[in-house]
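The values are calculated or read from the model by the stated rules, or taken from the named source; none is laboratory data. In this text the structure is predicted, and so the values were computed from the model without any measurement. Counting neighbours? That spans all protein chains shown, and the Cβs are built from the backbone with ideal geometry, glycine included. What goes into the accessible areas is simple: the full protein's heavy atoms, side chains included, and nothing from ligands, DNA or RNA. Shrake-Rupley method; radii C 1.70, N 1.55, O 1.52, S 1.80 Å.
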Amino acid sequence: MTQQAAALQAYNNELVKCIEDLCSKRDELNCQIKQEEEEKERLQHDIRVLSEKLSRVNESLAQRLAARSTFDRTIAETEAAYTKILESSQSLLSVLKQEAGNLSKATEPRRKKP
């Protein structure tokens with residue numbers, strides 16, 4: 001029976017050692033899990049911060065794009081109006097020259113025919 005007791009004691013010692021090894025591995029795994037959970041929380045925080053920043057940038061960009069569109073429209077309307085003014089000025093100048101020529105002819109002394 002002593003041999004059986006010795007064998008049982010050896011099995012018991014080996015079983016205790018295996019349990020201690022498993023506990024040690026579990027503790028190591030718990031540390032890794034804790035580190036990854038902390039990293040996950042940091043990343044989620046960073047994502048929230050970046051998402052808020054992206055939202056603000058998108059809002060600002062939309063406002064700037066709308067302002068640029070207003071500038072483009074105002075410039076196009078102003079250029080069109082300026083072109084019309086130039087065309088009207090050219091027409092007015094042409095009419096004025098023609099009228100001035102007609103007035104000059106009308107005010108010249110008439111020559112008598114021989």
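Condition test on LEU22, is it open to solvent by less than 100 Å² (accessible area, probe 1.4 Å) and out of contact with any Asp or Glu (no Cβ under 6 Å at 6 or more places or on another chain)?
Values: open to solvent by less than 100 Å² (accessible area, probe 1.4 Å): no; out of contact with any Asp or Glu (no Cβ under 6 Å at 6 or more places or on another chain): yes.
Criteria not met by LEU22.
Determine, yes or no, whether LYS34 is open to solvent by 90 Å² or more (accessible area, probe 1.4 Å), within 34 Å of the chain's Cα centre (by Cα) and among the charged types (D, E, K, R).
On the way: open to solvent by 90 Å² or more (accessible area, probe 1.4 Å): yes; within 34 Å of the chain's Cα centre (by Cα): no; among the charged types (D, E, K, R): yes.
Judged against the criteria, LYS34 is not a match.
Return the only residue of THR107, THR83 being out of contact with any strand residue (DSSP E or B) (no Cβ under 7 Å at 6 or more places or on another chain), of a type in the set (S, T, N, Q) and surrounded by fewer than 10 Cβ atoms within 10 Å (Cβ to Cβ). Even if it seems obvious, please write down each step before you answer.
Numbers: THR83 fails: surrounded by fewer than 10 Cβ atoms within 10 Å (Cβ to Cβ).
It is THR107.
Quick one: is ALA6 over 16 Å from the mean Cα position of the chain (by Cα) and surrounded by 10 or more Cβ atoms within 10 Å (Cβ to Cβ)?
yes
Residue under question is SER55, and the condition is that it be in a helix (DSSP H, G or I) and loosely packed, with under 10 Cβ neighbours inside 10 Å; does it hold? Walk me through how you get there before you give the answer.
Details: in a helix (DSSP H, G or I): yes; loosely packed, with under 10 Cβ neighbours inside 10 Å: no.
It is false that SER55 is in a helix (DSSP H, G or I) and loosely packed, with under 10 Cβ neighbours inside 10 Å.
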